[in-house]
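Chemist: Below is one structure. I have some questions about it.
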Amino acid sequence: MIVVIYASILRKDSKKYTHDNAKDYPYYDEINMSMAYLNRNILENGRFQYRNNVNPEIVYDNKQYNSLRHAGTLYAMYKFEEKEFEKKYYDERIISSKYFVENYIKQIDKTKFVVISKPQEEGIKIPIAKSGAAGIALCALTNLVKEEIIDIKILQGLGEFLLFMQNEEGNIYAYYDCVKKEINKSAEAIFYPAEAAMGLLELYKIDPQEKWLNAAKRAINNIIKTRKTMDLNMPFDHWSVMAIEEMITNNFVKDEEAGEMRAYAEQMAIPVLSTQITNPKNSYYGAFKDNIRPCSLGTIMEGLASIYKCTKNKQMKSIIFKSLAIGNMFLNKVQVKTGINAGGLPNSANWVKAGVTPNASIIRIDNIQHVILGWMKFQEIVISNGKM
């Protein structure tokens, strides 16, 4: 059964990817359907309709919001354009990018800019700035410098904020208290240091100052140092391996350092691969034990795809490819296919079942962001293999 699935994905040899034959590649239709959903849910002012429901009769007031996830969705829209898909959503992305800059990026001193999380939107007591949000904002916005849509000083200011948030060991603290004007050094967020590192790498590409690259390296090296001793309890941090992929493929690190990063990436893959449901008769075939959440599964697909690109271990590549094939196939089954919310990805794969909690059928923009990126990264692997 598994062999048949992979054969169907790699069904034609030596066919080079072009824009004209893009429709022949896996998940082209699904990616475009989800992109169309995102586009339909950009309001006139550029704000996203953050939540919808599979049931279109259930409507949300859109007061609940998350600036980090807005930035992440902009990043997915940009990557969609970058990967040679149609740029038919470009204008809407620019409108939404301008809304984000005007409403969420704030200057806190002469050199630093932050991304604000608003209490009334995120259910917090005071306005805070997340290092992860600054990192993802850099991922989403650096491409706009050439077109003079954003001032590079704002992006450099976000970079300066991340340098300010980094300690001597290389860790990047998660939160900045905008009222007390100080770093919260006690709270942690698993993904934020690597999100910050990824943003610094994107900033380095357009503004090649060594301080951005060095800070990103230090952040990733600190993650590796503190987590490699966790063995099978190591958290699956897709942003960390995405940053490692960027550094290795762009030759930002020397061979010895790249080897340590590869070892960390391979170590991180083992626990999650061991929990995937690989029995074709199981209705959750392709998902993971205790995890049928599309948003989370999308991040796993993103991370595994980056590990696939980093590792030199052929056996691991083969295992990861199979995991990506059935994991992305599962997400395809979960996607809403018809109606006004076609292209949406609900909170749970169980949204189709009777009697589930109402939360299962909520569609959030970040669910879609991660699944789109996961599908696109898998498609890149298929294309890079020169096969279908």
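All of the numbers you see were taken from the coordinates with simple rules; none came from a lab. As the structure is a computational prediction, the values presented were derived from the model and not from experiment. Glycine gets a Cβ as well: all are built from the backbone with ideal geometry, and neighbour counts include every protein chain shown.
Chemist: When we measure straight from the Cα of Lys281, which lysines land under 21 angstrom away, once same-chain ones fewer than 8 places off are left out?
Modeler: Output for Lys281: Lys289, Lys322, Lys333, Lys353.
Chemist: While we're here: What's the local net charge at Ala219, with K and R +1, D and E -1, over the other residues with C-beta under 12 Å away?
Modeler: Combined, the nearby Lys, Arg, Asp and Glu give 0.
Chemist: Still on this structure: Please identify, among Ile154, Ile58, Ile126, the residue showing maximal mean-square fluctuation in a Gaussian network model of the chain using a 10 angstrom Cα cutoff.
Modeler: The residue with the greatest mean-square fluctuation here is Ile58.
Chemist: Below 8 Å between Cα atoms, with a sequence gap of 6+, how large is the relative contact order for the chain in percent?
Modeler: It rounds to 21 percent for the chain.
Chemist: Once you sort the root eigenvalues of the Cα gyration tensor of the stretch 41-109 as a ≥ b ≥ c, which label holds: rounded (a/c under 1.5), prolate (a/b larger than b/c) or oblate (the other case)?
Modeler: oblate
Chemist: In nm, what is the difference between 0.36 nm times the number of residues separating Lys110 and Thr229 and their Cα-Cα distance?
Modeler: So the chain would gain 38.8 nm between Lys110 and Thr229.
Chemist: Still on this structure, please answer the following. Can you tell me which aspartates and glutamates have their Cα less than 12 Å from the Cα of Lys110? Leave out same-chain residues fewer than eight positions away.
Modeler: Hits, sequence-local ones excluded: Glu160.
Chemist: Over 24 Å between Cα atoms, which of Lys112/Lys205; Lys98/Lys130; Lys79/Lys314; Lys146/Lys180; Lys130/Lys153 qualify?
Modeler: Check vs 24 Å cut-off fails for Lys79/Lys314; Lys146/Lys180.
Chemist: Helix-only mean residue ellipticity at 222 nm, the chain, DSSP H runs n ≥ 4 weighted -39,500 (n - 2.57), per residue, nearest 500. What is it?
Modeler: Counting only the DSSP helices, I get -17000 deg cm²/dmol.
Chemist: So, one more: What net charge is computed for the residues neighbouring Asn341, neighbours being all others with C-beta under 13 Å from the C-beta of Asn341, Lys and Arg scored +1, Asp and Glu -1?
Modeler: With Lys, Arg at +1 and Asp, Glu at -1, the net is +3.
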